[in-house]
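Engineer: Sharing a structure with you now.
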Amino acid sequence: MGAGNLAQALGAALFEARYKIDSIVSRDSAASRRRAKRLAAEFGAAASVFGKGKIRAELVWFCVPDAAISSAAKRLTEAADWKGKIALHSSGALSSDELSLLRERGASVASVHPLMTFVRGSRPSLEGVPFAIEGDRKAARTARAIVRDLRGQAFPIRTEQKAAYHAWGMFASPLLTALLAAGEGVAAAAGVQRKLAQTRMLPILRQTLANYAKLGAPESFSGPIARGDVATVKKHLDTLKALPAAREIYISLARSALHSLPAKNQSALNTILKS
């Protein structure tokens, strides 16, 4: 269900793992139908529209926005005999209860969220990707088997943990991207064009991630806060007065670093950040 960025990557991974994809179901808009037809042709499947036609597949995977999951399930309650079927959705924040209408009709339901970023123009491999799984026993068991076939890493999550789990994912990718975009703005103040800044940041970004993967956060932390260089931090803050949004980010992250990472002169640094 759905033909967006997640559906494209998931469909490709399932197809490569020799799962038969019966149909790609989309919204009834010209753009959605075009995407569904292209994806269906790639997988040797049919393309159809929500609420039209019957569902034959044994497993139905909802790859739609969070706010649309329950309404999509409602529209499909009459599209199949749900008894014995598996229904999954891929929201990181919402529980399997979004599919409760299908559960009431006999389906076993679960939420199965890959901790990965999906954007237009990129179709990432799912090998090694963690999948958080929550829901009914049968659906969760089936989901774990599928994740193994995709060479991902399945792990259980409780319903009450999902919001925090999804917030964690925000830090790992979308907010990291926002931080990099803010960094491009600071680079412009240093006379480096944004596109050039993107290229010039890549070596230090790659090494930072390599250090983090090998050593963990405390041993990867470097720079003036780690050294306790109060004068340099003060210069940064003075310069960033011309970029208030970036300055706010700098202060928030610096305070977070003082709270959770090794740093010298913490008292003096805290004082200058508060001022």
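Engineer: Would you mind pulling out the separation of the Cα centroids of the stretch 76-144 and the stretch 215-232, in Å?
Structural biologist: When both Cα centres are located, 41 Å separates them.
Engineer: Using only alpha carbons, build the gyration tensor for the stretch 172-274 and give me the equivalent ellipsoid semi-axes, biggest first, whole Å.
Structural biologist: Numbers: eigenvalues 93, 76, 27 Å².
Values for the stretch 172-274, descending: 22, 19, 12 Å.
Engineer: Evaluate the relative contact order of the chain (contact order divided by residue number), counting alpha-carbon pairs under 8 angstrom at least 6 apart; express in whole percent. Present the calculation step by step, with values, prior to reporting the outcome.
Structural biologist: Numbers: 385 pairs, mean separation 30.7, N = 275.
So the answer I get is 11 percent.
Engineer: With viscosity set to 1.306 mPa s at 10 °C, what whole-number translational diffusion coefficient in µm²/s follows for the stretch 62-134 from Stokes-Einstein and a Kirkwood radius over Cα pairs? Numbers along the way, then the final one.
Structural biologist: On the way: Rh = 13.1 Å.
The calculation lands on 122 µm²/s.
Engineer: Pick out, in residue order, every one of the GluC sites (Glu not before Pro) in the stretch 74-171 that is DSSP loop and has at most 12 other C-beta atoms within 10 Å; say none if there are none. Working shown, then result.
Structural biologist: Values: sites: GLU78, GLU98, GLU104, GLU127, GLU134, GLU160; in loops: GLU78, GLU127.
Sites meeting the loop and neighbour criteria: GLU78, GLU127.
Engineer: Which value, in debye to the nearest 20, gives the size of the charge dipole of the chain about its Cα centre, when Lys and Arg are +1 and Asp and Glu are -1 at the Cβ?
Structural biologist: Numbers: 40 positive and 21 negative charges, 93 e Å.
In total the dipole reaches around 440 debye.
Engineer: At a 10 Å Cβ-Cβ cut-off, how would you order PHE131, PHE155, PHE62, PHE221, fewest neighbours first?
Structural biologist: Values: PHE131 23, PHE155 12, PHE62 26, PHE221 18.
Listing PHE131, PHE155, PHE62, PHE221 from fewest to most nearby Cβ atoms yields PHE155, PHE221, PHE131, PHE62.
Engineer: Arrange the following residues from fewest to most other Cβ atoms within 10 Å of their Cβ: TYR250, TYR19. Walk me through the numbers on the way to the answer.
Structural biologist: Working: TYR250 19, TYR19 15.
Starting with the residue having the fewest Cβ neighbours, the order is TYR19, TYR250.
Engineer: Also, I was wondering about something else. When you have a sec, figure out the Kirkwood radius of the stretch 1-140 from all distinct Cα pair distances and drop it here in Å to one decimal? Provide the component values of the computation, followed by the final result.
Structural biologist: Details: mean 1/r = 0.0665 Å⁻¹.
One decimal place: 15.0 Å for the Kirkwood radius.
Engineer: Just need the relative contact order of the stretch 172-274 here, percent rounded to a whole number, with Cα pairs under 8 Å and 6+ apart.
Structural biologist: Numbers: 67 pairs, mean separation 27.7, N = 103.
It rounds to 27 percent for the stretch 172-274.
Engineer: Counting other Cβ atoms within 10 Å, keep those with at most 14, restrict to DSSP loop, and tell me which trypsin sites (Lys or Arg not before Pro) in the stretch 73-106 are left.
Structural biologist: LYS83
Engineer: A further question follows. Could you pull out the trypsin sites (Lys or Arg not before Pro) across the stretch 187-275 that fall in loop regions by DSSP (anything but H, G, I, E, B) with no more than 14 other Cβ atoms inside 10 Å? Could the numbers behind the result be given before it?
Structural biologist: Values: sites: ARG194, LYS195, ARG200, ARG206, LYS214, ARG227, LYS234, LYS235, LYS241, ARG247, ARG255, LYS264, LYS274; in loops: LYS264.
Answer in residue order: LYS264.
Engineer: So, one more: Please compute, for the alpha-carbon atoms of the chain, the extent along each of the three principal axes and give them in descending order in Å.
Structural biologist: The principal-axis extents, from largest down, are 69, 37, 31 Å.
We did not get these values from a lab; they are worked out from the coordinates using the rules stated. Every value quoted in this text rests on a predicted model; they were computed, and no experiment measured them. Methodologically, a virtual Cβ is constructed for each residue, glycine included, from the backbone with ideal geometry; neighbour enumeration extends over all protein chains shown.
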